[in-house]
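Here the structure is laid out as structure tokens; the discussion comes afterwards.
FYI, it's all coordinate maths here, none of it is from the lab. Everything numeric here is computed off the predicted structure, so don't read it as measured data. Methodologically, a virtual Cβ is constructed for each residue, glycine included, from the backbone with ideal geometry; neighbour enumeration extends over all protein chains shown.
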Amino acid sequence: MNEMDIIESLRGREETVWMNPGLDKCEPRSEIEGYKFVHVKAAQNRFMRFLPYIASAFPETADKKGVIESGLIPIPAVKEKMNEEGAGIKGRVFLKDDARLPIAGSVKARGGIHEVLKIAETLAQKAGMLWPTDNYQKIDSDEFRSFYSQYTIQVGSTGNLGISIGRMAAKLGFRAIVHMSRDARQWKKDLLRSEGVIVKEYEGDYGQAVASGRRESLTDEKSFFIDDENSEDLFFGYSTAALRVQVQLRKAGIAIDENHPLFLYLPCGVGGAPGGITFGFKELFGDNVHCFFAEPVEAPCFLLGMATGEHDRICVRDIGLSGLTIADGLAVGKPSGFVCRMMEHLVSGAFTVSDAKLLDYQKMLMDLENIRVEPSACAGFKGLSEICRGGNEWDWYIKEHGLSEHMDQAVHIVWATGGGLMPWDQ
Ligand SMILES: *Cc1c(COP(=O)(O)O)cnc(C)c1O
């Protein structure tokens with residue numbers, strides 16, 4: 001489809017597929033838009049330094065020694081069910097169960113927590129209270145909590161980013177303020193308030209909540225605003241997922257190479273989480289990994305920004321879409337400009353999915369695999385159901401990249417991004 005057809009299709013709320021004409025070759029460990037593999041490693045190392053603190057402050061992580069990670073789960077029953085309906089999926093199918101990430105219950109754990117930890121580490125180092133060689137368990141103390149209580153951390157959120165950042169910041173002792181858009185679910189607000197986080201509610205969409213938070217933070221020199229639309233520290237926090245999945249694949253005896261392509265289906269809001277994950281995987285696997293972003297038909301901000309080349313200068317309202325969707329984690333009208341630039345030559349494509357399908361997938365996952373996730377987390381399944389069907393854009397992509405004869409050995413990972421803290425009555 002050309003650009004006009006794509007816009008028309010998005011405007012008509014049709015499920016749309018966009019394959020990135022700017023996709024380029026990518027060597028592992030290469031420099032990408034001025035960033036390198038060391039940026040992924042640096043974030044990973046920061047998580048490692050904080051392990052003793054996390055294990056101490058969040059006892060639910062103690063048995064994993066403070067590691068914030070989730071399972072990579074084979075879901076053969078889903079493949080079977082989709083194939084009964086004509087999907088023709090070849091290769092192995094996994095779910096990345098980020099709903100089970102500790103502390104945040106969503107993909108936001110890696111990004112949000114990383115940025116809060118970086119702020120905390122930098123402040124304490126500047127104050128001469130902390131050295132990189134220290135055992136960071138000492139941060140779980142009244143001395144540090146009272147030090148951090150002079151500072152405020154603020155963020156705009158549709159829910160999950162607020163949970164990740166709010167919980168982590170409050171636990172460290174910071175004053176935490178989360179600016180929530182109209183899409184945020186009540187239980188997410190209640191949870192944060194119960195942990196001492198200040199929740200401010202807005203009638204407007206995500207972009208407006210972010211703008212208010214940013215403004216408010218500027219008036220206070222001891223306040224940090226975590227800017228989901230532009231943050232490198234979120235991005236590289238997310239990117240660490242690739243290092244962990246590489247180990248999980250290796251442990252499962254699975255190689256990723258020219259004969260064993262890896263396909264990722266990543267739910268996308270502003271693009272930080274799927275973008276960071278894509279960066280990390282490209283640094284590890286180069287051209288052998290193919291990353292696709294999934295968005296709701298009412299909020300395809302990344303697809304729109306990329307297909308038009310307008311990045312963050314266009315929003316879904318400009319083409320008559322509401323941005324309203326049951327996928328609250330993806331209810332974003334305008335993508336991150338930073339992420340769009342980073343993804344220009346890395347992302348393979350993007351696609352949209354209807355809210356009705358999200359509910360079907362959510363139910364399917366519960367019925368077949370007994371895995372509970374939120375609607376946002378199911379967006380990737382649409383890509384899985386189409387990639388091997390034939391006679392569509394996906395088919396073109398597979399042929400264009402010479403992948404046809406390798407699809408039997410393909411590995412598909414549907415990234416289930418959240419819902420772990422969701423109450424049972426939701
Ligand atoms: C935030 C979120 C995403 C997407 O992350 P972005 O960085 O906004 O693109 C996907 N799924 C869930 C459940 C989320 O909360």
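Quick one: is PHE338 more than 13 Å from the ligand (Cβ to nearest atom), closer than 26 Å to ALA109 by Cα, touching a residue at least 12 places away in the same chain (Cβ under 8 Å) and assigned to a helix (DSSP H, G or I)? It is false that PHE338 is more than 13 Å from the ligand (Cβ to nearest atom), closer than 26 Å to ALA109 by Cα, touching a residue at least 12 places away in the same chain (Cβ under 8 Å) and assigned to a helix (DSSP H, G or I).
Close contacts from the stretch 96-109, counting a first residue that is under 9 Å from VAL373 (Cβ atoms) and charged (D, E, K, R) and a second that is more than 9 Å from the ligand (Cβ to nearest atom) and assigned to a strand (DSSP E or B), with Cβ to Cβ under 8 Å and a gap of 6+ residues or different chains, come to ASP97/LEU72; ASP97/ILE73.
Restricting the stretch 12-23 to residues that are in contact (Cβ under 8 Å) with a residue 12 or more places away in the chain and in a loop (DSSP other than H, G, I, E, B), which is surrounded by the most Cβ atoms within 10 Å (Cβ to Cβ)?
As a first pass, look at the stretch 12-23 and keep what is in contact (Cβ under 8 Å) with a residue 12 or more places away in the chain: 13-20, 22-23.
Of the ones still in play, those that are also in a loop (DSSP other than H, G, I, E, B) are 13-16, 20, 22-23.
Values: ARG13: 17, GLU14: 11, GLU15: 15, THR16: 25, ASN20: 21, GLY22: 11, LEU23: 20.
So, considering only residues that are in contact (Cβ under 8 Å) with a residue 12 or more places away in the chain and in a loop (DSSP other than H, G, I, E, B), the one surrounded by the most Cβ atoms within 10 Å (Cβ to Cβ) is THR16.
Of the candidates GLY86, GLY71, the single residue that is on the phi > 0 side of the Ramachandran plot, of a type outside the set (Phe, Trp, Tyr), more than 16 Å from the ligand (Cβ to nearest atom) and in contact (Cβ under 8 Å) with a residue 24 or more places away in the chain is GLY86. The set of residues in the stretch 150-193 being away from the ligand (no atom under 13 Å from the Cβ), among the small types (Gly, Ala, Ser) and surrounded by 24 or more Cβ atoms within 10 Å (Cβ to Cβ) consists of GLY166, ALA169, ALA176. LYS334 meets all of the listed conditions (1) in contact with a Gly (Cβ under 6 Å, 6 or more places away or on another chain); (2) of a type in the set (Lys, Arg); (3) under 23 Å from GLU84 (Cβ atoms) but one, namely (3). Among the residues of the stretch 242-260, the one identified as in contact with a Ser or Thr (Cβ under 9 Å, 6 or more places away or on another chain) and of a type in the set (A, V, I, L, M, F, W, C) is ALA242.
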